[in-house]
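What follows is a short report on a single structure.
The values are calculated or read from the model by the stated rules, or taken from the named source; none is laboratory data. Note that the structure is a prediction, hence the values are computed from the model and not measured. Here the Cβ positions follow ideal geometry from the backbone for every residue, glycine too, while neighbour counts run over all protein chains shown. Please note that ligands, DNA and RNA were not included when accessible areas were found on the heavy atoms of the full protein model with its side chains. Shrake-Rupley method; radii C 1.70, N 1.55, O 1.52, S 1.80 Å.
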Amino acid sequence: MHMAGVCCKSATPFSVFKRTLSVRNSTSAPRPARAMGRKGIQEGWLVARSNQFRSVGPHRCPACFFFSCQESMSESLRTCYAFLNQTSRSFAAVIQALDGELRHAVCIFYLVLRALDTVEDDMTIPLVKKVPLLHEFHTFLYQPDWCFTESKEKDRQVLEDFPTISVEFRNLGQEYRDVISDICHRMGVGMAEFLEKKVGSMQEWDKYCHYVAGLVGMGLSRLFSASQLEDPEVGRDTELANSMGLFLQKTNIIRDYLEDQQDGRAFWPEEAWSQFASHLEDFSQPQHLSSALACLNLLVTDALRHVPDVITYLSRLRNQSVFSFCAIPQVMAIATLSACYNNPQVFEGVVKIRKGQAVTLMMEATNMQAVQGIIIQYSQEIRQKVSPSDPSRDKTLHILGLIQEKALSKVVLTTRAHHLSPIYLSAAVLLAALSWQYLNATQPAGNADMQGS
């Protein structure tokens, strides 16, 4: 997403417009710098390139067969799931693991926001045309023939064939349509605001992350409640839902410092980096490593302040498919933050977690007690890395203490049943197997991977 001196970087679930929280492939070669333009939508909330599932065909994703009965779908709905598989990675598999009609609502929600994001991301569209498109995009949901054929983006098919998506939107229940239209409207306005605006203050960083990820979390939460799979309070508590999105978005922004610099993009807030350097790009120079690590640790600490809200949010969920959908990206995020904290490799490459570690997290994050254990584990790892001389030391230790206290809370521990039925255990195993297959099949040969220290 382009802006003057900075580009919008939207997230994956709760961060629908972000790159995946990456995993390590120890045999990868260094990755070349990419051209300008943001990389797309996040895992669980994750994005991918349109050819990721090409080897198995638009309807041949294994999760698609397992979780959905395509024979009973309308032709337009089948096409929507084809678009989903073509424009996302693990997000497609996780959506199709959701229960009942919620699955279709989240699929359409994703595609609508993917189409909106494609407009925003297309640097060939002049601002005089792009801004009105973003502001009015939600109205196109009720215009049966509206489509956009001027995009040059790789995901332009969702705009060119938007009538197929919008007809399935109009087939949804009113309770789902209201949520999707409202979030689309608010996100479009927010995207337009940041087209030519730098992320300056920490408050603006929160605002930017709210527009591109927090709103996704709020919309998903309202869909969960509208489906009656979750209690009404899940959709009503916008502060917690917003925190779910912000935690994922900030984790990706922190991790992707060097990649974004190489692509001519900047997402670290100036209020943070200006305390330690004259220019954000200085951090990539070895002589500025001490300052770079101080800024990195400050931003990790800021992201960690959302974790208590994440714990509270997850503890309220009752439906197993919704819980897994939400929990997996969050545990991947805290593992990634632990790998990034005080790690010079953030400024030398992309810090990633190992494939095996990622699959283990996916397998284990099936109940609240396990998630709390994972959060405690990585919080303790971060605590062990805190340097006595780090400028953010006191704040970091304070928030880690709050996280530990929250994670050990008996109130949280007793809010969900922790015994899973055999079918959910089988689903967890299947998800891990699919994830492993995906992680092995979709690693580009040129990807640079660096293990977190």
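For the stretch 39-144, which fully contained helices (runs of 4 or more DSSP H) count at least 2 residues that are at pLDDT 60 or above?
Fully inside the stretch 39-144 and qualifying: 75-87, 90-95, 102-121, 127-136.
To keep it simple, each residue is scored yes or no on (1) farther than 16 Å from Ser243 by Cα; (2) surrounded by 23 or more Cβ atoms within 10 Å (Cβ to Cβ); (3) touching a helix residue (DSSP H, G or I) at 6+ places or on another chain (Cβ under 9 Å); (4) of a type outside the set (A, V, I, L, M, F, W, C).
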| residue | (1), (2), (3), (4) |
| --- | --- |
| Asp260 | yes, no, yes, yes |
| Asp263 | yes, no, no, yes |
| Trp273 | yes, yes, yes, no |
| Val300 | no, yes, yes, no |
| Pro308 | no, no, yes, yes |
| Arg316 | no, no, yes, yes |
| Asn319 | yes, no, yes, yes |
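Based on this model, can you work out whether Val234 counts as under 30 Å from Met332 (Cα atoms) and in a helix (DSSP H, G or I)?
So Val234 passes the test.
Name the residue, out of Gln174, Gln157, that is more than 12 Å from Val112 (Cβ to Cβ) and at pLDDT below 95.
After applying the criteria, what remains is Gln157.
Given the residues Ala115, Ala93, which is the only one that is at negative phi, among the small types (Gly, Ala, Ser) and open to solvent by 10 Å² or more (accessible area, probe 1.4 Å)?
The conditions single out Ala93.
Could you check, for the stretch 165-174, whether at least one of its residues is touching a Pro at 6+ places or on another chain (Cβ under 8 Å), of a type in the set (S, T, N, Q) and under 29 Å from Ile328 (Cβ atoms)?
No, there is no match, as no residue in the stretch 165-174 is touching a Pro at 6+ places or on another chain (Cβ under 8 Å), of a type in the set (S, T, N, Q) and under 29 Å from Ile328 (Cβ atoms).
Find all pairs meeting these conditions: Cβ atoms under 8 angstrom apart; at least six residues apart or on different chains; first residue within the stretch 336-356 and closer than 18 Å to Gln377 by Cβ and part of a loop (DSSP other than H, G, I, E, B); second residue open to solvent by 10 Å² or more (accessible area, probe 1.4 Å) and among the basic types (Lys, Arg).
The qualifying pairs are Tyr341/Lys385; Asn342/Lys385.
Being modelled with pLDDT under 95 and either open to solvent by 70 Å² or more (accessible area, probe 1.4 Å) or under 26 Å from the mean Cα position of the chain (by Cα) (or both) is the filter here, so list the residues in the stretch 390-412 that pass it.
Matches in the stretch 390-412: Gln404, Glu405, Lys406, Ala407, Leu408, Lys410, Val411, Val412.
Tally time: how many residues in the stretch 145-166 are open to solvent by 10 Å² or more (accessible area, probe 1.4 Å) and out of contact with any Ser or Thr (no Cβ under 6 Å at 6 or more places or on another chain)?
Adding up the residues that qualify gives 10.
Go through (1) under 30 Å from His279 (Cβ atoms); (2) surrounded by fewer than 24 Cβ atoms within 10 Å (Cβ to Cβ) for Glu239 and report which single condition fails.
(1)
Determine if the stretch 382-389 includes at least one residue that is farther than 21 Å from Met244 by Cα and buried (at least 17 other Cβ atoms within 10 Å of the Cβ).
Yes, some residue in the stretch 382-389 is farther than 21 Å from Met244 by Cα and buried (at least 17 other Cβ atoms within 10 Å of the Cβ).
Could you list, in sequence order, all residues of the stretch 299-335 that are over 20 Å from Gln380 (Cβ atoms), within 16 Å of the chain's Cα centre (by Cα) and not hydroxyl-bearing (Ser, Thr, Tyr)?
Val322, Phe323, Phe325, Cys326, Ile328, Pro329
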